[in-house]
1. Can you name every residue in the range 114-126 that is open to solvent by 40 Å² or more (accessible area, probe 1.4 Å) and either in contact with a strand residue (DSSP E or B) (Cβ under 8 Å, 6 or more places away or on another chain) or in a helix (DSSP H, G or I) (or both)?
2. Would it be correct to say that Lys15 is in contact (Cβ under 8 Å) with a residue 24 or more places away in the chain, within 19 Å of the chain's Cα centre (by Cα) and not in a helix (DSSP H, G or I)?
3. Just wondering, is there one or more residues in the range 168-178 that are assigned by TED's automatic domain parsing to the domain that holds His253, assigned to a loop (DSSP other than H, G, I, E, B) and not hydroxyl-bearing (Ser, Thr, Tyr)?
4. When residues of the range 52-89 are filtered for being in a loop (DSSP other than H, G, I, E, B), within 10 Å of the ligand (Cβ to nearest atom) and open to solvent by 40 Å² or more (accessible area, probe 1.4 Å), how many remain?
5. Of the conditions (1) part of a helix (DSSP H, G or I); (2) of a type in the set (Phe, Trp, Tyr); (3) without any contact (Cβ under 8 Å) to a residue 60 or more places away in the chain, Phe129 fails just one. Which one is it?
6. Six or more apart or on different chains, Cβ atoms under 8 Å: show the pairs whose first residue is in the range 36-65 and of a type in the set (Asp, Glu) and whose second is open to solvent by 60 Å² or more (accessible area, probe 1.4 Å).
7. Being touching a Lys or Arg at 6+ places or on another chain (Cβ under 8 Å), open to solvent by 50 Å² or more (accessible area, probe 1.4 Å), more than 13 Å from the ligand (Cβ to nearest atom) and of a type in the set (D, E, K, R) is the requirement here; does Lys219 meet it?
8. For the range 241-325, please list each of the strands (runs of 3 or more DSSP E) lying entirely inside it that holds at least 1 residues being open to solvent by less than 60 Å² (accessible area, probe 1.4 Å).
Amino acid sequence: MAEALLAANSPDLRKDDLIVITGAGGFIGGALTRYFHEQGFTRIRAVDKKPLPQWFQRIPGVETLCLDLSKEENAIRAVEGAVEVYNLAADMGGMGFIERFRVECLRSILINTHLIEASYRAGVQRYFFSSSACVYNTTLQQDPNVRALKESDAYPAMAERGYGWEKLLSEMFCQEYWAERGLKTFIARFHNVYGPHGTWFGGREKAPAALCRKVIEAKDNGTYEIEIWGDGTQTRSFMYIDDCLYGIDRIMHCDELIATPINLGSSELVSINELVSLIEEIAGVKVRRRYKLEAPRGVAGRNSDNTFIKSVLGWEPCTPLREGLAKTYAWIESQYYDRKAGKRVVTDTL
Ligand code: NAD
């Protein structure tokens, strides 16, 4: 098992080395920027194409650049002088987004190809790519009682159309930049990440945030009824953001994992109906469930097989869903009432 190396105790990384985080205006990139800042790294460059007022988190003392990384010259500018690059930029969202906007999802290939080439040319030491469980062969995910997906299940390939294929190809870029050019790349396949400071309305939000918001709304407007996409039997696992950040750091500093895709996800499988029941418990209400069967619902079931991550890192994402959801629900509730009171809240729209 690899020694528990993190950025903060890595012999290769000084506290004043430049760390670049792309997609830093979004959910995971924003949280990762805060994570490294809190660990005492003094030179962090946060990059996103969104204008600054729309960033989910802004951390004082962090350099910010608003750049569209699908353009080569911007990718070159973004990674100038970087020692480590964490690429979290992608045009993405929940099921509703990735099933409807496949072209946008596929076009993220431009970000990933320009950024890895620019990183290689800039002499970056380590490059992290945020892949997704959507790379897995969809034919293995047709039953809610799924067998958890292990890393080798991506091939033979039959990824999620659009988004999944783009991620799979970008993984291959990472593998070949290591094989042919010696750039140390790291590839984590995230399984649904949730937590405070994520999108919770507007069209890109994912199931946990969307369902928390719906329950809050139903409670507030007195209807006590919510709409659920699909029949609620589809299963997923959900990883709390703090686990995701710790996992990214561990993976990035583990040489055994160079150019080796690895699952980063919780293995606590729940159906969407069970997820709703947990949210009801947290909210202290019961709601009527109206099923919208024709809505996007994704694969029937998906879970993360964590055998590999446990064997390499001696760790797996472990925040219980109930605990992470309670924090997420509380954050969305406060955002909801702020917004209702006319205060500005940061979110994303299609
Ligand atoms: P997010 O949408 O909150 O953040 C992505 C950010 O990338 C956004 O702020 C967006 O403005 C930015 N971006 C998009 N196009 C850009 C461009 N051309 N140039 C610069 N910035 C651009 O998403 P997230 O949930 O934080 O996801 C981060 C990464 O993790 C993505 O690569 C995503 O595919 C991957 N991922 C996330 C999840 C999840 O559950 N959140 C699951 C699997 C994989």
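1. Of all residues in the range 114-126, those open to solvent by 40 Å² or more (accessible area, probe 1.4 Å) come to 114, 120-123, 125.
Passing the criteria: His114, Tyr120, Arg121, Gln125.
2. No, not satisfied.
3. no
4. So the answer is 2.
5. (1)
6. Asp48/Cys66; Glu63/Arg43
7. Judged against the criteria, Lys219 is not a match.
8. Of the strands (runs of 3 or more DSSP E) lying wholly inside the range 241-325, those with at least 1 residues that are open to solvent by less than 60 Å² (accessible area, probe 1.4 Å) span 262-264, 269-271.
The values are calculated or read from the model by the stated rules, or taken from the named source; none is laboratory data. What you see is a predicted model, and the numbers here were worked out from it, not measured in a lab. Using ideal geometry, Cβ is built from the backbone for each residue, glycine included, and neighbour counts are taken over all protein chains shown. SASA here: full protein model, heavy atoms, side chains in, ligands and nucleic acids out. Shrake-Rupley method; radii C 1.70, N 1.55, O 1.52, S 1.80 Å.
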